[in-house]
Amino acid sequence: MWKKLQLKKHALTGISFMLPLVVASGLLIAIGNIFGGNPSTISDYTKGYNIWQAAVTLGVYGMGLLPGVISAAIAYSIADRPGIAPGLLMGMIAQNMGAGFLGGMLGGYLAGYFVAFIKNNLRVPKWAQGLMPMMIIPLLASAVIGLIMFFVVGGPIARASEWLKEFLINMQSGSKAAFGAVLGAMAAFDFGGPVNKVASLFADGLLLDGVYGPEAVKICASMIPPFGVTLSWLIKRSRYTKSETDNIKVAFPMGICMITEGVIPIAAVDPIRVIVSCSLGAAVGGAIIMFLNVGSMVPSGGMFIVPAMINPWGFMLALTVGTVVTALLLVLLKKDAKDNTPIDVEEEEMDLSEIKISND
């Protein structure tokens with residue numbers, strides 16, 4: 001049944017649509033923070049603002065579109081163009097209810113399969129057939145699945161995120177290393193999804209109170225997955241297919257800018273091993289961050305803001321150790337790729353000297 005549903009194929013389609021937006025938005029935020037000195041987003045467009053505020057604001061807007069984009073893309077992959085509008089709406093519901101990336105994916109699946117069901121089973125008079133793809137299907141799917149998102153799916157996912165936030169607050173008074181490990185694991189767990197967002201919001205809240213350690217944990221944990229996956233590929237390239245290798249080459253420079261989402265295509269192929277390896281590596285890095293009293297007064301920017309951190313050498317140590325742990329776990333846990341294609345294949349020159357053309 002699950003094979004027939006092709007869940008993985010539709011997820012990869014959604015990811016491929018989402019990645020360009022992730023890259024553009026993340027780089028806009030990073031560039032704005034680096035050159036603008038961590039400017040605030042634009043809150044009042046009637047007042048003056050500079051180019052760096054505009055860049056960061058545009059990046060924030062782009063990140064806010066991610067649940068809607070992946071939801072619409074998944075629905076499109078399942079049901080073609082009639083699935084786009086319901087999928088987009090489900091993603092926006094997920095975003096505004098706090099269900100985030102995972103809620104957007106689930107909404108895309110629900111919208112897509114419901115649209116496909118309507119297309120295959122709903123019979124209308126001949127005069128109304130032209131209205132099916134433009135009005136009837138999008139309206140029915142948006143109304144039905146929208147109600148499910150509002151009253152069934154979105155709430156539990158949002159409450160789970162809220163519960164995780166309360167859990168972090170309760171752990172703050174415990175061991176600093178344990179706190180850093182939990183925060184780091186959460187920041188890397190779903191590669192920019194709702195769990196990551198909870199950890200990020202928690203760290204940002206503490207930053208406003210003058211507590212800078214959690215921000216450093218968040219930054220380190222966001223960079224460990226792409227760095228760890230890249231190092232594992234350098235150690236054992238046979239673990240990855242040609243397609244995964246191409247994704248890794250994109251994920252690494254994104255990781256330098258603290259964009260974790262580049263790892264999603266690799267995690268989609270082997271989610272359990274990749275998530276476990278990245279989460280444990282980030283947990284080790286987070287524990288070291290808190291133990292060495294590393295802090296960051298800037299909430300994002302990746303490697304470009306390390307010199308401005310409190311104890312930057314401690315940050316580099318945590319990042320290095322966490323990356324190595326992730327890479328070694330991936331090498332040990334992952335199996336060789338079944339359809340592995342050599343990355344660098346030299347083409348043999350064809351010898352045409354012995355070819356003869358007959359006049360017969």
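One residue stands out among those in region 239-252 that are open to solvent by 10 Å² or more (accessible area, probe 1.4 Å) and in contact with a Gly (Cβ under 8 Å, 6 or more places away or on another chain): the one that is nearest to Leu319 (Cα to Cα), which is Phe252.
Scanning region 291-325 for residues that are more than 28 Å from Thr41 (Cβ to Cβ), in a helix (DSSP H, G or I) and aliphatic (A, V, I, L, M) yields Met316, Leu317, Ala318, Val321, Val324, Val325. No other residue among Ala73, Ala128, Ala79 is open to solvent by less than 10 Å² (accessible area, probe 1.4 Å), hydrophobic (A, V, I, L, M, F, W, C) and out of contact with any Gly (no Cβ under 6 Å at 6 or more places or on another chain) apart from Ala128. Condition first: out of contact with any Ser or Thr (no Cβ under 6 Å at 6 or more places or on another chain), hydrophobic (A, V, I, L, M, F, W, C) and in contact (Cβ under 8 Å) with a residue 12 or more places away in the chain. Can you find one or more residues in region 241-248 that meet it? No: region 241-248 contains no residue that is out of contact with any Ser or Thr (no Cβ under 6 Å at 6 or more places or on another chain), hydrophobic (A, V, I, L, M, F, W, C) and in contact (Cβ under 8 Å) with a residue 12 or more places away in the chain. Among the residues here, Ala85 qualifies as open to solvent by 20 Å² or more (accessible area, probe 1.4 Å), under 21 Å from Pro138 (Cα atoms) and small (Gly, Ala, Ser).
Cβ-Cβ distance below 9 Å, separation of 6 or more or different chains: which pairs start in region 309-320 with a residue that is closer than 14 Å to Pro214 by Cβ and end on one that is in a helix (DSSP H, G or I) and open to solvent by 60 Å² or more (accessible area, probe 1.4 Å)? Short answer, once both residue conditions are applied: Ala318/Phe291.
Go through the residues of region 104-119 one by one and say whether even a single one is open to solvent by 60 Å² or more (accessible area, probe 1.4 Å) and under 22 Å from Ile15 (Cβ atoms). The answer is yes, given that some residue of region 104-119 is open to solvent by 60 Å² or more (accessible area, probe 1.4 Å) and under 22 Å from Ile15 (Cβ atoms).
Residues in region 40-61 that are of a type outside the set (A, V, I, L, M, F, W, C) and either modelled with pLDDT under 85 or within 17 Å of Val298 (Cα to Cα) (or both): Ser40, Thr41, Ser43, Asp44, Tyr45, Thr46, Lys47, Gly48, Gln53, Thr57, Gly59. Looking across region 108-166, the residues that are more than 28 Å from the chain's Cα centre (by Cα) and of a type in the set (Val, Ile, Thr) come down to Ile118, Val124, Ile136, Ile137.
Pro194 falls short on exactly one of the conditions (1) at pLDDT 75 or above; (2) open to solvent by less than 20 Å² (accessible area, probe 1.4 Å); (3) of a type outside the set (D, E, K, R), and that condition is (1). Scanning region 265-278 for residues that are open to solvent by 20 Å² or more (accessible area, probe 1.4 Å), modelled with pLDDT of 85 or more, over 10 Å from Ala188 (Cβ atoms) and of a type in the set (A, V, I, L, M, F, W, C) returns Ile272, Val276. For region 18-54, a tally of residues being part of a loop (DSSP other than H, G, I, E, B), open to solvent by less than 40 Å² (accessible area, probe 1.4 Å) and of a type in the set (Ser, Thr, Tyr) returns 0. Only one of the listed residues (Gly281, Gly286, Gly262) is at pLDDT below 90, closer than 18 Å to Ala188 by Cα and either of a type in the set (Lys, Arg) or in contact with a helix residue (DSSP H, G or I) (Cβ under 9 Å, 6 or more places away or on another chain) (or both). That residue is Gly262.
The values are calculated or read from the model by the stated rules, or taken from the named source; none is laboratory data. Worth saying up front: this structure is predicted, and the values here are computed from it rather than measured. For neighbour counting, all protein chains shown are included, and Cβ atoms are generated from backbone atoms with ideal geometry for every residue, glycine included. Ligands, DNA and RNA are stripped out before the accessible areas are found, and what is left, the full protein with its side chains, is counted by its heavy atoms. Shrake-Rupley method; radii C 1.70, N 1.55, O 1.52, S 1.80 Å.
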